[in-house]
Structures are given as structure tokens and as C-alpha cells.
Amino acid sequence: MRRSNEETIREREGENTLASSPPRLLASSPLLALVGPTAVGKTAFSLQIAQDYNGEIISADSRQIYRGLDIGAAKATPEQQALAPHHLLDVVTPDQILTLAEFQERAYATIAAIHARQRLPILVGGTGQWVQAVVEGWGVPRVPPDPELRAALEAEAETIGSTAFHARLAAVDPQAAQKLDPRNVRRVIRALEVYHKTGIPISQHQQKNAPPYHILQLGLTMPREALYQRVDQRIDRMLEMGLVAEVERLVKAGYGWDLPAMSGLGYKQIGYYLRGELSLEEVVALIKKETRRYVRQQYNWFRLDNPRITWVEVGQEPEQAYREIKRFLDEAVGREKN
């Protein structure tokens, strides 16, 4: 007899797990986190910093971990990657999952290795959870994905709708629910998965244990309308560079539309075109619309009023950014400030 979704979920409850923690390093070990919304110019600026300050770049982007997702994920090109060492790109195939806990563990190990080489680690990304998990030392639950439980939760979400499904999370973890968009069903599923496996809300797992780094969070921003124009221009360039062909290759390689990698921004919408559901013109307009919504979500994570982030307006105050970096590095190595 086929088990109900609720039976499957109940059977998966109750497993306790360990949380990631940063390695013990010198308190003065520097870590530069470069944050901001998509299309603001983080890649170009991080390359300049890496070249000027003997740095190595660590990607904190939840899509750039996938091999084969290059154009749509706005991954640094091979030419750009040749300008400075890059880490945590192309980590898994599109049918694999890298959890937040696994990313955090890899990031801490990478930071330690960069410090051992006497170089500056530069954490770059627009995925708020991933950046903050590292710089704030979240106690991320090490709960491996449970395909059967996830399938049951996905079926439930499809049956009752994303709003009602999000309300289920709000009932057991209002703090996590407040941070998650109801339309982001995949993240709601993950939060419920952690709760069902451990009996503890994911927000309680995410208690902070500040890592032993000297951290500067540098945020790049620009006026919203100017940023939206850059978003539109970037998407047009992606199409010119072959985004449709990239998605076609992934599909021909056997990667299904239900995979998280293939349901990401840009890839999901190109799927509508390849399946004949929308015209290419309609798909491009949809990608631009959804990317603008994503920009707003990123600003909710990297808030302009966050006192821990030093914000710099792109194109107007580059010297301010370099002053902040110099001050930060002087403090990290204990040199006298100029």
C-alpha cells in the first residue's frame, strides 16, 4: 500500500545532527566579504581587489557550484578565472546537492588554506544565506537531503499551494518563515525537512558562533533604476553568449527540469521556451522581471542599514572602497594606521 505523505514525513523525524563550526585560526586572520545584488559588478571588483591585494576568490553563489551552469549563473569566464585563483566553482553536477552546511565547511577549509598561503581570502556572492553562514558562524544543521521526505513535502506543496505550505512552516518556525518567500518552495521544503528530521526549528539550529576572522563586509550598490538597466543588459548579453544552447546541452545530458539546478533563475524560464510553452521574447521579459524581484530579495538579505556592511556606490566612490580595505588590512596585521 502506498504510504501517505504525512506517514512518510513522520517516519523521517527525530534524527539529531551535528552543526558546522569554523576552524580555530588566529583572531587577526583577515576575511573580506564582497556582497551585493546581482549585476552590480562584484565579479569585476573582486578581480581588481584580488590582483591588488594578493587575494583569492571564494564564490558564495548557490548556482555557480554547478558544472555546466556557466552563462546563466554569471560565472567568471575562464579568462577572468586566470587573473586570480577561484574556489568553490563547479563543485557538483546539476543532479547533485550541496547543502548549506557542506558549503560552509568547504568555505572554512578554503579560507584556512588561503591563510596558510599568506594570501587574502575574498568571499564573493549574492546568496545571502551562504555569505552570512560563513561570516556570522551559523550553526548550520548537518541534515543530509532525504529524497523520500522531500518528495512527500513537494507533493504536499503542490496539493495545497505555496501559500498554505508556507503557513505550515510558519506554524512550527515563524522566524524562518518570515525570512522566506512563500514562492521559494524549495527553501521552505528544506526548512521543514530540518524540522522533521531533528524536531528543532531551523532558526534555532542557526545560532551564531562568530568565526575567528577579522572580517570586512563590503557591499556594492547603485541606484535601483540604474541597477535594473544593468540587469536587462546582462540578460541580453547572456542570450547573445548562448544561454539557450547552454540549457539545451544540459537537457540533452539528461538533467531534468525538476532538479534545483534546472529550476533556477534563467534556466527555468528558458525551459518554457524549449518546451514550446512561451516565445523567446516572452521568456526574456519574464527573466528580466524575475531577476528584478531577485534583486529586491537580495537587498532584504544585505540590508543597506546593516551596520556590519560598509556600502559603496559603484562608479562614484571607488577610493572609499580602497580606503576601507587598506584600513581593514592594516588592522588585521596589526600595522599602525596611516
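Those residues that are outside any strand (DSSP E or B) and hydrophobic (A, V, I, L, M, F, W, C), I need them from region 33-59; list them, please.
Within region 33-59, A39, V40, A44, F45, L47, I49, A50 meet the criteria.
Please work out which one of (1) surrounded by 17 or more Cβ atoms within 10 Å (Cβ to Cβ); (2) in contact with a strand residue (DSSP E or B) (Cβ under 8 Å, 6 or more places away or on another chain) is the condition I287 fails and give its number.
(2)
Go through region 126-144 and report how many residues are under 27 Å from F302 (Cβ atoms) and part of a loop (DSSP other than H, G, I, E, B).
The qualifying residues number 8.
Residues checked against (1) in contact with a Pro (Cβ under 9 Å, 6 or more places away or on another chain); (2) under 13 Å from P145 (Cα atoms); (3) modelled with pLDDT of 90 or more:
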| position | (1), (2), (3) |
| --- | --- |
| E156 | no, no, yes |
| S162 | yes, no, yes |
| A170 | no, no, yes |
| L192 | no, yes, yes |
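Quickly run through region 184-226 and pick out the residues that are farther than 21 Å from Q132 by Cβ and not in a helix (DSSP H, G or I).
G199, M222, P223
Which condition number does I122 fail, the rest of (1) in a helix (DSSP H, G or I); (2) buried (at least 22 other Cβ atoms within 10 Å of the Cβ) being met?
Result: I122 passes all but (1).
Residue by residue through region 254-288, note down the ones that are among the hydrophobic types (A, V, I, L, M, F, W, C) and either assigned to a helix (DSSP H, G or I) or out of contact with any Asp or Glu (no Cβ under 7 Å at 6 or more places or on another chain) (or both).
Scanning region 254-288 gives W257, A261, M262, I270, L274, L278, L280, V283, V284, A285, L286, I287.
With respect to K288, is the statement that it is modelled with pLDDT of 90 or more and basic (K, R) true?
The answer is yes for K288.
Of the residues that sit in region 292-330 and are among the β-branched types (V, I, T) and assigned to a helix (DSSP H, G or I), which one is modelled with the highest pLDDT?
V295
Do you know which of the residues in region 245-259 that are surrounded by 16 or more Cβ atoms within 10 Å (Cβ to Cβ) and touching a residue at least 24 places away in the same chain (Cβ under 8 Å) is farthest from K42 (Cα to Cα)?
Only one residue fits best here, namely Y255.
If I ask for residues that are within 13 Å of the chain's Cα centre (by Cα), under 16 Å from G41 (Cα atoms) and in contact (Cβ under 8 Å) with a residue 40 or more places away in the chain, which ones from region 65-84 would you list?
Those that are within 13 Å of the chain's Cα centre (by Cα), under 16 Å from G41 (Cα atoms) and in contact (Cβ under 8 Å) with a residue 40 or more places away in the chain: A73, A74.
Hey, can you tell me all the residues within region 238-270 that are over 22 Å from the mean Cα position of the chain (by Cα) and of a type outside the set (A, V, I, L, M, F, W, C)?
E240, G242, E248, R249, K252, G254
Of A157, A171, A152, A176, which residue is free of Cβ contacts under 8 Å to residues at least 12 places away in the same chain, assigned to a helix (DSSP H, G or I) and out of contact with any strand residue (DSSP E or B) (no Cβ under 7 Å at 6 or more places or on another chain)?
A171
Take I235 and decide whether it is crowded, with 16+ Cβ neighbours inside 10 Å, in the same structural domain as S279 (by TED's automatic domain parsing) and assigned to a helix (DSSP H, G or I).
In short, yes.
Look through Q129, Q96 and report the one residue that is in contact (Cβ under 8 Å) with a residue 60 or more places away in the chain and assigned by TED's automatic domain parsing to the domain that holds G36.
The match here is Q129.
Filter region 194-206 down to the residues that are touching a residue at least 60 places away in the same chain (Cβ under 8 Å) and in contact with a helix residue (DSSP H, G or I) (Cβ under 6 Å, 6 or more places away or on another chain) and list them by number.
Selection gives H196, I202.
The values are calculated or read from the model by the stated rules, or taken from the named source; none is laboratory data. Note that the coordinates shown come from a computational prediction; the quantities given were computed from them, not determined experimentally. Cβ sites come from the backbone with ideal geometry, for glycine too, and all protein chains shown count toward neighbours.
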